[in-house]
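The values are calculated or read from the model by the stated rules, or taken from the named source; none is laboratory data. Quantities reported herein were computed from a predicted structural model and do not represent experimental measurements. Cβ coordinates were reconstructed from backbone atoms using ideal geometry, including for glycine residues, and neighbour counts include every protein chain displayed.
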């Protein structure tokens, strides 16, 4: 019987050899964000440039510069590689989208989906995959290679694809939980060490600080928290330093949460599930964050189909969910995806937690947004959201701006309208009230 090291050695190839397993035409899936493998992506892009790949659909979430440069940075590459971001966009996806509008072409196809449902799209065969490409940590003595910072849909995509090709990177942290592939599940391995992509979170503004104060007042000791991205979540972490016995069950693990763990504020001691463990499906931060989660048995990564599952979220007591939006309208609908009719971001897991938190005993869901955009020239409280609602009026709970909190539950449309106008920027309130009266909302 072959040893694990010999099995590993038998699958070890160069990047150029590994990508020969990919057909000239078909579809592949890249790991989420920080787990997208730069060595393999560069090798596939080279195949496209030399004519050895004819047409390839690429599914992914949260791409960075390496993916853009490998597949999407030129007309030549965009003729070969079709970008299909699932559920959300980054600045690089928006760059492709803008270029398509400028040249009158459809260059990018966004696939809308609640984040929790993405693994099922691969498992069911609704999205067939010729190959899945991931960055993983080095193999342990049991033959397991950790998914590290990005679990998300990676496990499901790998186990559903015809071929699994991994890039072993010594800089990828090893994470516990349901977060690894065994060497027997992998078709090819390359070794390529590169820095794991670091995220610089925006510094909180004065408005973010005020919003975070409102929210922190309503977070009880012993609560389990989920935070999204942006200035408000970072500011909230600062506001929570005087709390105790908090837990984490969150789509995202961010540096602010890690600091609260180090301080003992977050210990997971009151969680109904995974007690004492800090559960996430994605970790985005700096090198210090990645070093902290590495080989730390209290940190557990799980597929998003578990972390964001409504039935799981609703089992926690006092589950607190904090997310953001572009607009909120008089009905209480939140738009987190569109700006002036164009796609800006995606659904992600926001709606999973908005609904799950409200179903949690004592749980609260917060949609936090600055009252204005574009240097105070546009109100984010509007009569009706643009294009589509990310969070439906039946689901939203607390809407928070720097001017206060509006609770949507148990409120009529008239009551919601009045409450939302009261937390709009003062210079837009008269205008919003006139529209509300003209349209008979109030």
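Structure notes:
- Boolean, residue 393 is part of a loop (DSSP other than H, G, I, E, B), within 26 Å of the chain's Cα centre (by Cα) and not assigned by TED's automatic domain parsing to the domain that holds residue 117: yes
- Tally of residues being part of a loop (DSSP other than H, G, I, E, B) and without any contact (Cβ under 8 Å) to a residue 40 or more places away in the chain across segment 152-168: 1
- Test result for residue 347, in contact (Cβ under 8 Å) with a residue 40 or more places away in the chain, under 17 Å from the mean Cα position of the chain (by Cα) and either under 15 Å from residue 251 (Cβ atoms) or not in a helix (DSSP H, G or I) (or both): yes
So that you can scan it fast, the table gives a plain yes or no per residue for (1) in contact with a strand residue (DSSP E or B) (Cβ under 6 Å, 6 or more places away or on another chain); (2) assigned by TED's automatic domain parsing to the domain that holds residue 343; (3) assigned to a loop (DSSP other than H, G, I, E, B); (4) farther than 24 Å from residue 54 by Cβ:
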site	(1), (2), (3), (4)
76	no, no, no, no
84	yes, no, no, no
93	yes, no, no, no
106	no, no, yes, no
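- Check on residue 385, in contact with a helix residue (DSSP H, G or I) (Cβ under 7 Å, 6 or more places away or on another chain) and over 18 Å from residue 116 (Cβ atoms): no
- Every condition in (1) more than 19 Å from residue 162 (Cβ to Cβ); (2) free of Cβ contacts under 8 Å to residues at least 60 places away in the same chain; (3) in contact with a strand residue (DSSP E or B) (Cβ under 7 Å, 6 or more places away or on another chain) holds for residue 58 except the one numbered (1).
- Considered as a group, the residues in segment 184-213 that are surrounded by fewer than 20 Cβ atoms within 10 Å (Cβ to Cβ) and not in a loop (DSSP other than H, G, I, E, B) include one that is nearest to the chain's Cα centre (by Cα), and that residue is 209.
Residue-by-condition table, conditions (1) under 30 Å from residue 85 (Cα atoms); (2) within 23 Å of the chain's Cα centre (by Cα):
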site: 384; (1), (2): yes, no
site: 400; (1), (2): yes, yes
site: 420; (1), (2): no, no
site: 429; (1), (2): no, no
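- Verdict on residue 328 being part of a strand (DSSP E or B) and touching a strand residue (DSSP E or B) at 6+ places or on another chain (Cβ under 6 Å): yes
- Filter result for residue 260 (touching a residue at least 12 places away in the same chain (Cβ under 8 Å) and outside any strand (DSSP E or B)): yes
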